[in-house]
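Asks: First the structure, which I've put down as structure tokens, then a few questions once you've had a look.
What follows draws every value from the coordinates through simple rules; no lab data is involved. All figures in this text were calculated on a predicted structure; none of them were measured in a lab. Ideal geometry is used to build each Cβ from the backbone, glycine not excepted, and the neighbour counts take in all protein chains shown.
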Amino acid sequence: MITGQSQSHPQNPTPTPAPSHADRARSFDAAAAQYAENRPSYPPALLDAVEEEAGRSLRGARVVDVGAGTGIATALLHARGADVVAVEPGEGMAAQFHTTLPGVPIVRGNGNALPLAAATADFLTYAQAWHWTDPACSVPEALRVLRPGGALALWWNTDALDVDWIADSADRISRFFGIDVRSEQSKSADRTGLADPSGRLRFARREVRWSRRVPVDTHLANIGSHSAFLVTPEDRRTAFLAAERAHLLETFPDGIVEETYVVLLLVALNT
Ligand SMILES: C[S@@+](CC[C@H](N)C(=O)[O-])C[C@H]1O[C@@H](n2cnc3c(N)ncnc32)[C@H](O)[C@@H]1O
């Protein structure tokens, strides 16, 4: 996951204001179709781990998938037999969700003020979305909406930086944004403190490694759908992705890229 953003342009020493957290949180709406088509999903073993840590099956469970976006995780929860409702603040992402999952209910709202009654959910899930909330609000909201014994499950696909080409690509991205992707990822390896600075939640932590093989265009469009790129001026973004294509084709001359992820999963029970 790319989290940082440079304050200045390498060719232009005049600092430019970095896009705000709110700008980045909203950036997905303009790229919802690109997001739906190119972002990775999550492996079956992840949902097995969610069930194991929660101590109950998703089948028949009342699940609220918050920050549902285009519905990548919601579709998996629905396919497991969960009675799932999606919550999503963004208009563009919610519209794409309707197209992809027309039969699944979606409510406009966000994790800091959930539009849901108290003690109604068996699971609250946040796939790649909790970091957009303010835990000072989203933690108490999660505890309000979960039934006693219900589970809050947060997860993120993180890059497997022990794979050489992924580490090399992360280094190029770091240089482009003037940040250190590797050190950011290792600092946030134990995300429990970031996820709940108040320490109210007792998280179980799991990692699930998986990979997918995709055309280089899909890989580049996946990278380009991260908020750090979406808020970058188009000419800079396009130039970076063109250079990245050339690097990738040296490693994958057949044009098929093997992306490897480690899904970081945190599960806390409402005890
Ligand atoms: C990286 S996308 C993840 C989408 C989807 N869950 C997935 O796994 O592909 C992050 C989503 O969080 C949403 N979001 C932004 N701010 C949020 C907030 N405060 N609460 C909940 N979701 C938020 C964005 O609109 C976006 O759809």
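Asks: Which order, highest average first, do 227-239, 243-255 follow once you tally other Cβ atoms within 10 Å for each residue and take the mean per peptide?
Replies: Numbers: 227-239: 15.8, 243-255: 12.5.
Packing proxy ranking, top to bottom: 227-239, 243-255.
Asks: Now a separate question. Mind listing the phi-derived Karplus ³J(HN,Hα) values for the range 236-250, rounded to whole Hz, using 6.51, -1.76 and 1.60 with θ = phi - 60°, and x for any glycine or proline?
Replies: 5, 4, 5, 5, 4, 5, 5, 5, 5, 4, 4, 4, 5, 5, 5
Asks: Name the residue from HIS226, PRO105, GLY71 whose Cα lies farthest towards the positive end of the charge dipole of the chain, charges +1 on Cβ of Lys and Arg and -1 on Cβ of Asp and Glu.
Replies: Towards the positive end, the residue furthest out is PRO105.
Asks: Let me ask you something else. Hey, what do the phi angles of the range 84-97 turn into as Karplus ³J(HN,Hα) couplings, whole Hz, using 6.51/-1.76/1.60 and θ = phi - 60°, x for Gly and Pro?
Replies: Computed from phi, the couplings for the range 84-97 are 9, 10, 9, 10, 8, x, x, 5, x, 5, 5, 5, 5, 4 Hz.
Asks: Give me the one-decimal nm value for the distance between modelled label points at ALA136 and LEU194, 7 Å along each residue's Cα-to-Cβ direction.
Replies: 1.9
Asks: A further question on this structure: Please work out how much length the chain gains when fully extended from GLU37 to ILE256, using 0.36 nm per residue of separation minus the C-alpha to C-alpha distance, in nm with one decimal.
Replies: Details: separation 219, 0.36 × 219 = 78.84 nm, distance 1.63 nm.
Gain on extension, GLU37 to ILE256, equals 77.2 nm.
Asks: What FRET efficiency comes out for ASP83 versus ARG202 if R0 is 22 angstrom and r is the Cβ-Cβ distance? Round to the nearest 0.05. Intermediate results must be reported in sequence, preceding the final value.
Replies: Values: r = 26 Å, r/R0 = 1.19.
Between ASP83 and ARG202 the formula returns 0.25.
Asks: About the Cα centre of the chain, how large is the charge dipole given +1 on each Lys and Arg Cβ and -1 on each Asp and Glu Cβ? Please answer in debye to the nearest 20. Can you show the working numbers first?
Replies: On the way: 25 positive and 32 negative charges, 147 e Å.
It works out to roughly 700 debye.
Asks: Tell me which residues come under 5 Å, amide H to amide H, from GLY150 once H is placed; ignore anything under 5 positions away on its chain.
Replies: Hits under the 5 Å cutoff: ASN270.
Asks: Here's a follow-up. Per-residue counts of other Cβ atoms within 10 Å, averaged by peptide: what ranking do you get for 145-154, 63-72, highest first? List each step's numbers first, then the result.
Replies: Values: 145-154: 21.6, 63-72: 27.3.
Put in order of decreasing packing, that is 63-72, 145-154.
Asks: From the phi angles alone, apply the Karplus equation (6.51, -1.76, 1.60; θ = phi - 60°) to the range 144-154 and give each ³J(HN,Hα) in whole Hz, x where the residue is Gly or Pro.
Replies: Working through the residues one at a time gives 5, 7, 6, 5, x, x, x, 10, 9, 10, 10 Hz.
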